[in-house]
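One structure is given here, and the rest of the page talks about it.
The values are calculated or read from the model by the stated rules, or taken from the named source; none is laboratory data. For clarity, every value in this text was computed on a predicted model and none was experimentally measured. Heads up, the Cβs are rebuilt from the backbone with ideal geometry, glycines too, and the neighbour counts pull from every protein chain shown. Please note that ligands, DNA and RNA were not included when accessible areas were found on the heavy atoms of the full protein model with its side chains. Shrake-Rupley method; radii C 1.70, N 1.55, O 1.52, S 1.80 Å.
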Amino acid sequence: MTLLTVERIKLFSTRSPWWCMILATVLTVGLTTIFAATVKSQDLADFDPGTTQFAYNFGLVVMMVMSTLAVTTEYRFSTIRSTFLAVPTRTPALLAKGVVVAGLAGLVGEVTAVGSWGLAKVIQPDAPLSLNTANEYRNVFGVGLVYLFASVFALAVGLIVRQSAGAIVIELVYLFLLENLLPAIPRIGDHIQHWLPFTVGDNFIVANQTHHADGPPVIEGMPFGPWGSLVYFAAICLGLFVIGCALAKRRDA
Amino acid sequence: MIEAQGLTKRYGRTVAVNDLSFTVQPGRVTGFLGPNGAGKSTTMRMILGLDNPTAGTVRINGKRYSELHQPLSKVGALLDAKWVHPNRSARSHLRWIAASNRIPVKRVDEVLEAVGLTSVAGKRAGGFSLGMSQRLGIATALLGDPGVLLFDEPVNGLDPEGILWIRQFMHRLAAEGRTVFVSSHLLSEMALTAQDLVVIGRGRLIAQTSTREFIDAASESAVRVRGPEMERLHGVLTSQGLTVRDVPDGDDGPAALLVPNASTDQIGELVGKVGLVLHELSTKRGSLEQAFIQLTGQDVEYQAGRPGVPGGGPVAPPQAAGGVFTPPPANATTPGGNGR
Ligand SMILES: Nc1ncnc2c1ncn2[C@@H]1O[C@H](COP(=O)(O)OP(=O)(O)OP(=O)(O)O)[C@@H](O)[C@H]1O
Ligand SMILES: [Mg+2]
């Protein structure tokens with residue numbers, strides 16, 4: 001418990017987490033608001049809960065950056081050493097950081113998702129935006145869980161790389177280039193795509209829907225259903241985090 | 001008490017610390033002395049469990065650092081005053097560290113008060129001057145009211161007032177029965193601060209003794225004599241087989257004679273027997289820097305092409321001391337040789 005308090009004090013006693021939270025919220029909720037306000041009346045029937053989350057990746061990346069910085073700035077300013085002096089077994093301190101940072105990312109994800117959907121419903125009361133099916137609930141409330149595990153992924157990369165710029169570049173290249181380009185490889189590309197963690201993580205939100213023009217991309221033939229996808233995504237992120245913690249414990253601080 | 005046993009640390013091909021064994025006793029200030037790159041900081045990081053030793057062990061009151069429960073209440077350390085997030089306030093910085101070891105929040109204000117930072121407690125630490133950062137570092141070390149304290153070059157870059165403050169602070173901590181281990185690359189500073197010394201060069205132990213003994217063994221001592229009849233004085237001393245050097249009128253005072261390896265008792269009696277008048281009879285010591293260079297001579301890592309000086313035992317002061325130390329004037333009086 002005390003270590004959770006420590007990480008909470010650390011996180012909120014600098015300004016960058018606040019900026020990241022504000023930016024993530026403004027980006028996702030703002031873009032959705034603009035989208036909702038400009039949707040054409042003939043497309044209104046397609047404006048469903050899934051569509052209100054089209055911008056969630058922007059907020060996700062911002063919260064991943066925040067998570068990485070929560071680790072790498074500690075290395076940059078050597079406060080990680082003060083942390084390890086206070087908790088020489090190291091792992092409990094890193095777990096506490098994981099819980100606090102990923103928890104906050106999850107919370108922000110949930111708030112932005114519900115905010116985007118709620119505002120869209122206010123702006124377009126005639127659109128089919130009510131939540132009835134399990135799919136529709138996951139469309140909105142599932143976003144927070146993806147944020148949470150993506151944050152764990154980002155923390156892990158921070159622990160492994162220990163350097164802000166390097167870690168963030170690796171994450172962005174992976175997210176925006178590799179996950180998008182690997183599927184383009186002939187013949188095996190499709191098979192690779194079905195196992196890419198963030199693609200599978202996204203499948204947790206959109207699985208079992210039919211794709212339509214404005215809606216989120218839905219990939220056919222994924223190996224897991226929605227909850228299986230989440231478990232797979234979580235396992236990859238947590239596995240990476242375990243590797244990061246093991247490295248941090250073994251290496252000289 | 002801190003006990004190191006065969007402590008060794010390799011970084012790739014550099015051996016930063018080499019088979020180092022020493023003990024640091026409570027109730028005294030122990031200086032950890034060595035030239036730049038000797039391995040002082042590395043040793044301190046190993047004591048604190050931040051770096052893993054390649055070989056050997058180090059124990060604090062019989063336990064490894066990683067085995068300590070709530071370690072900040074047992075060991076306090078200032079390794080680098082910059083280990084602070086620049087955008088965090090001094091109080092927030094201390095608050096999270098206190099929380100990590102269940103140290104009550106009111107202790108934060110106490111240590112801020114003790115180091116005189118109360119008025120800037122809410123300011124961001126990034127804007128602190130070196131002296132203020134150093135004080136914040138000391139406040140951090142004191143937070144858990146620990147019995148063992150480690151300071152790595154705490155006076156580096158401080159003004160005389162700050163240096164004096166830290167020195168007195170350490171004396172007070174040791175007087176309270178705590179173990180105080182403080183590193184420095186200046187023997188002259190350690191002579192004023194530490195009662196015991198652990199001296200290393202190139203990661204190896206050179207000496208572990210009291211400061212007094214180290215200085216006595218290391219520095220050449222000589223007797224300075226002066227009187228109205230210098231010619232006769234010279235004759236009397238040389239007739240007894242003593243080496244006598246003429247010291248011209250200079251910074252040390254009027255022209256005089258310098259007799260190495262003699263005592264004031266011996267010379268006083270000698271001169272008394274022949275009924276000569278003396279205006280001065282005093283002991284002069286080689287400077288501490290000379291002593292230090294002599295002992296660590298072969299072990300200075302970054303020396304600027306200087307012929308090797310034979311180590312150990314009192315030998316003639318090195319003629320050209322290059323590298324990181326500026327050659328001090330010959331036979332300066334020992335600073336703070338007594339009155340500790
Ligand atoms: N993390 C590291 N990686 C590689 N080499 C290192 C590392 N830390 C220290 N060294 C090397 O180990 C040696 C001892 O360094 P250390 O910092 O312990 O010396 P020091 O006695 O504290 O010196 P100074 O008086 O300059 O602070 C040096 O040669 C240094 O270059
Ligand atoms: Mg050092």
Requested in this report: Divide by every residue of the protein assembly as shown the summed helix terms, -39500 (n - 2.57) for each DSSP H run of at least 4, and state the resulting mean residue ellipticity at 222 nm, rounded to the nearest 500 deg cm²/dmol.
Outcome: -15000 deg cm²/dmol
Report summary line: Mean other chain Cβ within 10 Å across B:90-100 is 6
Query raised in the report: Once you sort the root eigenvalues of the Cα gyration tensor of segment A:2-250 as a ≥ b ≥ c, which label holds: rounded (a/c under 1.5), prolate (a/b larger than b/c) or oblate (the other case)?
Result: prolate
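Which of rounded, prolate or oblate describes segment A:105-155 when judged by the alpha-carbon gyration tensor and an a/c cut-off of 1.5? Provide the component values of the computation, followed by the final result.
On the way: a/c = 4.35, a/b = 2.02, b/c = 2.15.
It comes out oblate by the Cα gyration axes.
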Query raised in the report: Considering amide H positions built from the backbone, and no H for Pro or chain starts, which residues 5 or more places from B:Val198, or on another chain, come under 5 Å of its amide H?
Result: B:Gly31, B:Phe32, B:Leu33
Query raised in the report: Which of the trypsin sites (Lys or Arg not before Pro) across segment A:29-120 are loop residues per DSSP, with 11 or fewer other Cβ within 10 Å?
Result: A:Lys40
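Quickly rank A:172-178, B:117-123, B:210-216 as a protection proxy: mean count of other C-beta atoms within 10 Å, highest first. Walk me through the numbers on the way to the answer.
Details: A:172-178: 13.3, B:117-123: 15.1, B:210-216: 18.7.
Ranked by mean Cβ neighbours within 10 Å, highest first: B:210-216, B:117-123, A:172-178.
Placing +1 at every Lys and Arg Cβ and -1 at every Asp and Glu Cβ, with all other atoms neutral, what dipole size does segment B:39-125 have around its Cα centre, in debye to the nearest 20? Numbers along the way, then the final one.
Details: 15 positive and 6 negative charges, 26 e Å.
My answer is approximately 120 debye.
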Report task. Give the long-range amide H neighbours of B:Leu143: residues separated by 5 or more places, or on another chain, with amide H under 5 Å away, using H modelled in the peptide plane at 1.01 Å from N. Result -> none
Requested in this report: Report, in degrees rounded to the nearest 10, the 0 to 90 angle that the Cα long axis of helix A:16-38 makes with the longest principal axis of chain A.
Outcome: 10 degrees
Requested in this report: Mind jotting down the distance between the C-alpha centroids of segment B:103-171 and segment B:1-40, whole Å?
Outcome: 24 Å
Query - Using θ = phi - 60° and Karplus 6.51 cos²θ - 1.76 cosθ + 1.60, couplings along segment B:229-244 (whole Hz; Gly, Pro as x) - result: 10, 5, 4, 5, 4, 4, x, 4, 5, 5, 5, 8, x, 8, 7, 10
Requested in this report: Summarise the partner chain shielding of A:7-13 as one whole number: the mean count of Cβ atoms from other chains within 10 Å of each residue's Cβ.
Outcome: 5
Query - Per-residue HN-Hα couplings for segment A:123-134 [Karplus 6.51, -1.76, 1.60; θ = phi - 60°; Hz; x = Gly/Pro] - result: 6, 10, x, 8, 6, x, 9, 6, 8, 10, 8, 4
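At a Förster radius of 41 Å, what calculated FRET efficiency corresponds to the Cβ-Cβ distance of B:Lys82 and A:Val114, to the nearest 0.05?
Values: r = 42 Å, r/R0 = 1.03.
My answer for the efficiency is 0.45.
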Query raised in the report: Counting only residues 5 or more places away or on other chains, whose amide H sits under 5 Å from the amide H of B:Leu20 once H atoms are built in the peptide plane?
Result: B:Gly6, B:Leu7, B:Thr8
Requested in this report: Please turn the phi angles of segment A:227-237 into ³J(HN,Hα) values with the Karplus equation 6.51 cos²θ - 1.76 cosθ + 1.60 (θ = phi - 60°), one per residue in order, whole Hz, x for glycine and proline.
Outcome: 6, x, 4, 5, 4, 4, 4, 4, 5, 4, 5
Query - Interface burial for B against A (accessible surface, 1.4 Å probe, total of both chains, Å², rounded to 100) - result: 2400 Å²
